[in-house]
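The values are calculated or read from the model by the stated rules, or taken from the named source; none is laboratory data. In this text, all values refer to a predicted model and were calculated from it rather than measured experimentally. All Cβ positions, even for glycine, are placed from backbone atoms using ideal geometry, and neighbour counts span all protein chains on display. Ligands, DNA and RNA are excluded from the accessible area calculation, which covers all protein heavy atoms including side chains. Shrake-Rupley method; radii C 1.70, N 1.55, O 1.52, S 1.80 Å.
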There are 2 protein chains.
Amino acid sequence: MSAHPGPERRFRPLPHTQVTIADRFWAPRLEVNRRVTLAAEYRQCKQTGRIDAFRLDWQPGREPVPHIFWDSDVAKWVEAASYSLATHPDQALAGMLQEVVDLIVAAQQPDGYLNVHFTVVEPEKRWSNLRGWHELYSAGHLIEAAVAHHQATGSRALLDCLCRYADYIGTVFGTRPGQKRGYCGHEEIELALVRLYRATGERRYLDLATYFVNERGQKPCYFAQEAQARGEQPGDDFSTLQAHLPVREQTEVVGHAVRAMYLYSAMADLAGETRDESLLAACRRLWDNLTLRRMYVTGGIGSWRRNEGFTSDYDLPNETAYAETCAAIGLVFWAHRMLQLECDGRYADVMERALYNGVVSGVSLDGTRFFYENPLASLGDHHRQDWFRCACCPPNLARLLASLGQYVYMVSEDSLAVHLYVQGEAQGEVAGVPVAIRQETDYPWQGQADLTLEPASPVDFTLRLRMPAWCDDWKLWVNGRQTEVPVEAGYSVISRTWQPGDRVKVLMGMPAARIVAHPAVAPDRGLIALQRGPLVYCLEDVDHEVPVQAIALPRQAWLTPTWQPDLLGGVMVLETEEALAPAPGAWDRALYQSAKAVPMQPARLRAVPYCTWDNREPGGMVVWLREAPTGR
Amino acid sequence: MSAHPGPERRFRPLPHTQVTIADRFWAPRLEVNRRVTLAAEYRQCKQTGRIDAFRLDWQPGREPVPHIFWDSDVAKWVEAASYSLATHPDQALAGMLQEVVDLIVAAQQPDGYLNVHFTVVEPEKRWSNLRGWHELYSAGHLIEAAVAHHQATGSRALLDCLCRYADYIGTVFGTRPGQKRGYCGHEEIELALVRLYRATGERRYLDLATYFVNERGQKPCYFAQEAQARGEQPGDDFSTLQAHLPVREQTEVVGHAVRAMYLYSAMADLAGETRDESLLAACRRLWDNLTLRRMYVTGGIGSWRRNEGFTSDYDLPNETAYAETCAAIGLVFWAHRMLQLECDGRYADVMERALYNGVVSGVSLDGTRFFYENPLASLGDHHRQDWFRCACCPPNLARLLASLGQYVYMVSEDSLAVHLYVQGEAQGEVAGVPVAIRQETDYPWQGQADLTLEPASPVDFTLRLRMPAWCDDWKLWVNGRQTEVPVEAGYSVISRTWQPGDRVKVLMGMPAARIVAHPAVAPDRGLIALQRGPLVYCLEDVDHEVPVQAIALPRQAWLTPTWQPDLLGGVMVLETEEALAPAPGAWDRALYQSAKAVPMQPARLRAVPYCTWDNREPGGMVVWLREAPTGR
C-alpha cells in the first residue's frame, strides 16, 4: 500500500518498444503506417510548406502563409516517425526525420520561443490570443515530439530545444508578478509538460502543467481579459474551451471534443502525479458523462460540426455525426491514462471500442486517405481525403498506430495487466523479475487467446486479464486446467507463483450481437447495431442489391461470421439470407403507409467492420439498422 | 366537356355558409373558435397595438413601433370574424368587426395605399424592399379580409377600399414603362387577387395575379436589383422565396413553407382560371415532391427552423420539426384548390391528414393557446403560447376553422363530391336542382357515414364519395342495398337519378394501423406511428409510467380503441397492456448493450390523438415509437 493518500499511478504501460504486434488485424495496418503513411504525410507536409516554414524565410505577400498551427502537424509527424524508428530502423525515414528536427531546432529564437507563424508572420502578436491561436498547443506537440525523438534516438537535440522553450514558457505564464495568468484555448501543453517532466525528472514542468490545469476556468476568465486587451468583445461562453468552470467543478463533457480529451488526459496524469483526489473525482464524473451519454457506439465522440464537439446528453445523430478522428484518438489517450490509475474495464472497454472502430476508421486500408469526420451513416457522399487544410488527424493517427504496442499491457509493483488481446510478444519486469509474454490469438476475429509467460525465474504476481464487457460467456484455463477465478472491475485476477512456460488460455464467446442504444438516444430508437467482439459492423451499399437504409433484420435471423480473405485485406463478415427489404415498387407512390401493406421480400445482408467502410466504391452506409418485426 | 383546352375549375366548393357541422370532433372546436378564440385574438390585437395602429397616430420614439406585418394579423382576424358572423350572428363580435373595418378603411391614403408601417414609420421606404418587407403580403390578407367581409355582411366598404388599393398596386407593378417589375418576397397577394377577381368579376385583378406569378423567378432577379438600389449586397439564392426559377420550371418544393403553399395555391387558381396546362403540370410535380418526400405524417411541412421551410428529400427530423401551423393550413388551401381542378383523392387525403393533425394541433382545446411549431416528438419543453410576436398562426387557424364547412363538399356541373365525412347538413345545387344533403356519422371516431340526399326534384348526377387512402376495407349501400361501384381516383362513383330521400351508407373499416415511413426517412427508420382513420396518434408521458421514448410496441399487441368521454374533450384512445419497457435499472450503467441483455417488462400504452397533445401536464411526447421484436 502506498504511504501517501490519494490516487497513484500504479500501472505503467509496457512501452511500444517492448511489445511486438503480429496479428492479422493490426500488423498489416502498422506496416502500411510505417511504409506508406509516414512517407505520404512527410510529402504532404513538405509540399504544403509546413516543413520548410521552419526555415523562417517567409516574406510578406508570399503564399502560402505559415498557418498558426502548422507546427503541430509537423510535430506529430516527428513523434510518429520517432516511434516508428524506435522499433523499425529505416534509413530513409531517419533521414527525413533528421532534416525536420534540424529545421525545428534551428528555428528556435534566442529567448527560447519556437513558433513559425508568430516568429515570421505576426511576431507582434505573440501570446496575444491564447484563446484562438494555438501557440501553447503547438508547443505541446513539439514537446511530445521531442520526448519521443529523444527516447527513440537518444539524441538530446530536440529535447534540449524544447526544454528551453518550456523554460521560457514558464517565465511567461504563472501567478508571479508580471506573468500572464493565461492558458491555452486548445489544451495539449498540459499533458505534454507531464511527459516532459517524466522524461527529464524536472519538477518545474509538472508544476507548470499543474498551473495550466488549475488556472483553467477561473474567474475572471483570462480569455475575456485578453480579448478586451485586444479591443474586442470578451464574450461570455467559454465552454467550447472547457474554461467555463474550474476543472474540478466540471461535471459534463462540453465543447470541442479533442480539446476536452487532451485536458482530461492531463487531469488524469496530474491526479496520479500529484495525488490529487479531486482531480480523479472530476475525471470519473466526466468519464461517466461521456461514456454513458455522449459517445457513439464506435467510440466516436463529438456530435456537432459547429463546435467540433459535444452538445447535450444522448444527442447522437448518425448522418451528421462529427466524431472527429482526433477526438477518438484523444479518448484512447484519456482511457489509457485512467487505466494507469485504476485497472478498471470501464476504461479498457472504451479504449478498445475506440481503437477498433472510430479511430482506425480514420485511415484507408492503403494508408493514404483519411477521415476527419466519422459519421455512422452516409448517403454515399462522405469519403476519405488525402490531406486537409486543417491536417490534425492524419499525423495523429500515424503517431497512435506507430506506438500502438503501449496500449496492450501494463505492469504494477505486483501485477501484470493484459488490456488488449493482440497476437505478439512483449518484455516486461514484474515484481523485480523480467517476464517475457507471448500472446497467440486471432483476436478480434476469434475469441480465443493463449498467453505464455516466461519469467526469468519463478515469481509471485497477479495476472489481470481483461474480460471485455462485450463478452458475457468466457472460460479460462491455467496450464490446461479450467479454472474459476475472481473478476475484479472487469479483469480476471490470477494470483500465483508464475513458472517459466506457464500458460493461460481464455476463450471468449464471440457471437454476432445485436446492440441497442439507451432509449433516450432518439436517432437509434428502434434500430440495432451489429457488433462481434470489439468490432462494430456496418452495411455498405456495395454489398447489397437494395439501398442499405431499406434493409431490415429479423431478430431470429442467424448471422453467420464468414472469413473473407480477399475482402478489405481479410475480414470476418456477418451474413444472412434472412434479412428483408421492401419489394420493388413498394414505396413508389407513398411516403407513409400501413406496415402491413408494405410487401417485404428476402434480402441478403453482408455486414463489414465499420472501420473498413469506404474502401471500395462509394455508396450508402449505415451502422444502425432496422429490425423486422416477426412475420414480415 | 369544356370547349377550351387546358385545366378547368370544374368543382366549386359549397361555401361554409351552406354547410353546417354538427359532429363530436369539429363542432366543439368551432364553437370554441367562435366563442373564445375570436375574442381572445381581438384582445391580443388590441393590447399589442395592432388594431389601433390603423389610427395612424404613431409618433417617432413611441413603443411599440407598428411592425411591417401587423396589418396581416388584423386582416386575418377580420376574415375570421366575417366567416363566423356569416353563419353565427353575434352582436358583440359584429361590433368589434365594425370598429376594425372602419379603422382600416380610414387608414387608406389618398393614392389608395394602405399599410400602417410604411405610412407612419418609414413612408420613404414604400416598395423599396419587396423581398423582406411584406407590403404586398399584407395587402393580400387585407384583400382576402375584404372579400370575406363583403360576402358576410353585404357591406362594400372594405371591399371598395381594397379594390382601390389593388388598383393602385396595379399602377405600380407590371411590365409597362415606369412600372416596377417586382413581386412579393412572401406570396399571398397572388391568391388574394384571384379571390378579388372572383368577388368582383374584374379581370384586371386576375391579370395582376398572373403577372405576379409569371414574374417570379425571372432573371435578372428583381430582389437582387432592388437590393442594389438600396446599396446592399444582392445575394444570389432566392429559393427561400421560391424565386430561384420561373414557377413553371420548379420541380422541388423549396424555401419557406408558408410562402410556398400560398404560391402554389395561386398557381392552382390561375391554372384553372387561365386554362394554363403548364401551371397545372408544375403544381402536380410540386405536389408529388411535397407529399411523397417532404411532408410529415401529420401533414406538417417544413423541417427546418432556419428557413421555416424545406430542406432536402426525406429530411424529416421529429424533435426539431418546424411544421409551422400556418404551413399546414397553407397545404390545406393548396389541396383544396387542386381538388377544384381534379377530384382526386391524392389531394383530399392530404387535406384531411393536415386538417385532423398538423393544423388542429395548432390550438389548445380551450381555444386560447397556440403552437407555432408542431414537432412530432418532444422532451417536454414545447408548449403552446397565448400569442406570438410574429402572430401569423392564431388568426390563420381562426379563419380556417370559421370557414371549415367549405372543405366538405364540392359540386360540378353534373356531380356532387363528398371530400370529408363530417356530421351535419348542406345545401347545394347540382345539375340545376337544389339538393339538401345530410350526413350522419361519428367520423373520425367511427368509420360509418350515412348520407341522405334531398333533391328538390329527381335529378341525374354523379355522387363522388371519397374512399380515404387510410382505408383498405370499405362497403357501400344505396338505399339499404349493398352496391359495388367503380372507384375513380379515390372516389366511389355513383351515377343515377337521385330521388328525394335517397340514402347512401358507407362503412369504412377503421382499425388502429401501424404506419411506417419510406425507408429513406432516417429519423423514422425502425419506428411506427399509430393512426386510426384520419387521426395520427401520439404517446404522452402523462399517460405512462415510463418515459414514452422507452416504450416498445410488439407487432402482435392488440390496440383497443376506447372512447374516453372525459379525456381531452372526448377522444378515442388506443390502448394495450402488451407494450414493453425496459425494467427499472436496465439502462443505469449503459449507453449501449446487447439487445438480449436488456430486461423488458410489460407496460401499459395509451395513445391519444396527436392534435390533442400538450393539453394536460407537460411531458415527453412521441409520434414515432419503437416496435418490439418478438419474444421481448
Task: Peptide-level mean, for B:523-531, of C-beta atoms on other protein chains within 10 Å - done: 5
Task: CD proxy at 222 nm, helix term only [per DSSP H run n ≥ 4: -39500 (n - 2.57); per residue of chain B; nearest 500] - done: -9500 deg cm²/dmol
- [ ] Return the sequence-ordered ³J(HN,Hα) values of segment B:470-482 in whole Hz as given by the Karplus equation 6.51 cos²θ - 1.76 cosθ + 1.60 applied to θ = phi - 60°, using x for Gly and Pro.
- [x] 5, 9, 10, 8, 9, 9, 9, 10, 10, 6, x, 10, 5
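Relative contact order (percent) for segment A:245-379, with alpha-carbon contacts under 8 angstrom and 6 or more residues of separation?
26
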TODO: Determine the distance separating the Cα centre of segment B:518-588 from the Cα centre of segment B:41-81; give it in Å without decimals.
DONE: 43
Task: Distance between modelled label sites at B:Asp207 and A:Arg285, nm, 7 Å Cα→Cβ extension - done: 7.5
Open item on the list: Can you compute the modelled spin-label distance between B:Ala456 and B:Arg496, with each label point 7 Å from Cα toward Cβ, in nm?
Closed with: 2.4
Task: Interchain or long-range residues, amide H under 5 Å from B:Thr462's placed H - done: B:Ser415, B:Leu416
Task: 3J(HN,Hα) from dihedral phi, segment B:425-442, Karplus parametrisation 6.51/-1.76/1.60, rounded to Hz, x for glycine, proline - done: 10, 8, 10, x, 9, 10, 6, x, 10, x, 9, 9, 10, 10, 10, 10, 6, 9
- [ ] Would you give the gap between the C-alpha center of segment B:98-133 and the C-alpha center of segment B:360-399, rounded to a whole Å?
- [x] 28
Task: FRET efficiency, B:Thr320 to B:Arg616 (Cβ-Cβ, R0 22 Å, nearest 0.05) - done: 0.40
Open item on the list: Pairs of alpha-carbon atoms within less than 8 angstrom and 6+ residues apart define the contacts here; what relative contact order does chain A have, in percent?
Closed with: 13
Task: Once exposed loop chymotrypsin sites (Phe, Trp or Tyr not before Pro) are cut out (DSSP; at most 15 other Cβ, 10 Å), longest piece of chain B - done: B:1-387
TODO: Compute the Rg/Rh shape ratio of chain B: radius of gyration over Kirkwood radius, all on alpha-carbon atoms.
DONE: 0.98
TODO: Quote the total accessible area buried by chains A and B together, excluding ligands, DNA and RNA, probe 1.4 Å, nearest 100 Å².
DONE: 3900
Task: Rounded to the nearest 20 debye, dipole of segment A:245-379 from Cβ charges on Lys, Arg, Asp, Glu - done: 140
Task: Inter-site label distance for B:Ala436 and A:Lys125 at 7 Å from Cα along Cβ, in nm - done: 8.4
Task: Largest-first principal axis extents of the Cα set of segment B:512-628 (Å) - done: 42, 32, 26
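Between A:Gln448 and B:Asp111, what's the calculated FRET efficiency when r is the beta-carbon distance and R0 is 56 Å? Round to 0.05.
The calculated FRET efficiency here is 0.05.
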Task: Estimated FRET transfer efficiency (A:Lys596, B:Glu277; beta-carbon r; R0 45 Å; 0.05) - done: 0.70
Task: 0 to 90° range, to nearest 10: angle between helix B:135-153 axis and chain B longest Cα axis - done: 80
Task: Taking all pairs of distinct alpha-carbon atoms in segment A:411-508, Kirkwood radius in angstrom - done: 13.4
Task: Shielding by other protein chains, A:511-519, mean Cβ within 10 Å - done: 6
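When the dipole is taken about the Cα centre of segment A:33-241, and only Lys, Arg (+1) and Asp, Glu (-1) are charged at their Cβ, what size is it in debye, to the nearest 20?
With Lys and Arg at +1 and Asp and Glu at -1, about 280 debye.
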Task: Interchain or long-range residues, amide H under 5 Å from B:Trp304's placed H - done: B:Gly309, B:Tyr322, B:Ala323
Task: Nonlocal amide H pairs with A:Arg369, under 5 Å, H built at 1.01 Å - done: A:Ser364
Open item on the list: I'd like the orientation of helix A:257-274 relative to chain A: the angle between its Cα long axis and the longest Cα principal axis, in ° from 0 to 90, rounded to 10.
Closed with: 70
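How much of the pair distance distribution for the protein assembly as shown lies past 44 Å, counting alpha-carbon pairs only, in percent?
Value for the protein assembly as shown (Cα pairs over 44 Å): 50 percent.
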Open item on the list: Nothing charged except the Cβ atoms of Lys and Arg (+1) and of Asp and Glu (-1): what's the magnitude of the dipole of chain A about its Cα centre? Round to the nearest 20 debye.
Closed with: 440
Task: Length-normalised contact order for segment A:5-139 - Cα pairs under 8 Å, 6+ apart - percent - done: 28
Open item on the list: If I fit a long axis through the Cα atoms of helix B:277-293 and take the longest principal axis of the Cα atoms of chain B, what angle between them do I get, 0 to 90°, rounded to 10?
Closed with: 40
